Amino acid sequence: MLATMNTCTITKLARAFGLSRSTLLYYDRIGLLPPSGRTAAGYRCYTQRDRQRLERICHFRQAGLTLADIRTLLSSSGKPNAKLLERRFRELGGQLLELRSQQRLLASMLKGVAAGKCPPAVDRVMWVKMLRAAGMDDRAMGRWHTEFERRAPDAHQEFLVSLGIPESEIQRIRKSSAEGAW
């Protein structure tokens, strides 16, 4: 059993890192961050060493590494696995190219819409299919709406109307966009 002044509870540790308690329970369940001990009542106790390990886990997560990759990195005797890091670096490069391509496509679409060149055959279904084909998920579409609303609210309204979207849904989309609530 471990219950000293230098330990903390799962809740306290989670809060210190801005994580949920369930995240730390999951990390324990998969063996990524087991607690160093337990109290007499059976509660998990985390030490300074556990805290440092969690700091490294969070650092790797911010870099976009998978939990499997993080496990490999943490078990590599303290020596970073350059191949894993290089692979992630290349993946990010590919994602950046893809995002830039999507950005150019959307800029082109917006220019056409702003110039009134949006053919009447483009309705909501067609527009969503085009955005999905460009690689956008729901979150990215939400960010797109938010940016459109921020830069040109009247044009955003007109665009949504041109897609044949019902007024009640337009108001919901614009409200979510204005609040950034996607």
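Below is a table of values for the structure above.
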{"read-out": "Condition met for Ile173 (touching a Lys or Arg at 6+ places or on another chain (Cβ under 7 Å), of a type outside the set (Lys, Arg) and either assigned to a helix (DSSP H, G or I) or at pLDDT 85 or above (or both))", "value": "no"}
{"read-out": "The stretch 135-156, subset in contact with an Asp or Glu (Cβ under 9 Å, 6 or more places away or on another chain) and of a type outside the set (Gly, Ala, Ser), residue nearest to Ser101 (Cα to Cα)", "value": "Thr146"}
{"read-out": "Residues (surrounded by 14 or more Cβ atoms within 10 Å (Cβ to Cβ) and more than 22 Å from Asn6 (Cβ to Cβ)) located in the stretch 27-60", "value": "Phe60"}
{"read-out": "Candidate set: the stretch 5-26, residues that are among the β-branched types (Val, Ile, Thr) and touching a residue at least 24 places away in the same chain (Cβ under 8 Å); chosen: the one surrounded by the fewest Cβ atoms within 10 Å (Cβ to Cβ)", "value": "Thr9"}
{"read-out": "From Leu99, Leu92, residue being surrounded by 11 or more Cβ atoms within 10 Å (Cβ to Cβ) and at pLDDT below 90", "value": "Leu99"}
{"read-out": "Residue ID - nearest to the chain's Cα centre (by Cα), chosen from residues in the stretch 142-157 that are surrounded by fewer than 16 Cβ atoms within 10 Å (Cβ to Cβ) and without any contact (Cβ under 8 Å) to a residue 40 or more places away in the chain", "value": "Arg143"}
{"read-out": "Residues of the stretch 165-182 that turn out to be surrounded by fewer than 16 Cβ atoms within 10 Å (Cβ to Cβ) and either out of contact with any helix residue (DSSP H, G or I) (no Cβ under 6 Å at 6 or more places or on another chain) or of a type in the set (Ser, Thr, Tyr) (or both), as a count", "value": "10"}
{"read-out": "Search result, residues across the stretch 135-170 that are in a helix (DSSP H, G or I) and among the hydrophobic types (A, V, I, L, M, F, W, C)", "value": "Ala140, Met141, Trp144, Phe148, Ala155, Phe159, Leu160, Val161, Ile170"}
{"read-out": "Residue ID - farthest from the chain's Cα centre (by Cα), chosen from residues in the stretch 124-139 that are surrounded by 13 or more Cβ atoms within 10 Å (Cβ to Cβ) and in contact (Cβ under 8 Å) with a residue 12 or more places away in the chain", "value": "Arg124"}
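The values are calculated or read from the model by the stated rules, or taken from the named source; none is laboratory data. Small disclaimer: the values here were computed from a predicted structure and weren't measured. Every residue, glycine as well, gets a Cβ built from its backbone with ideal geometry; the counts of neighbours run over all protein chains shown.
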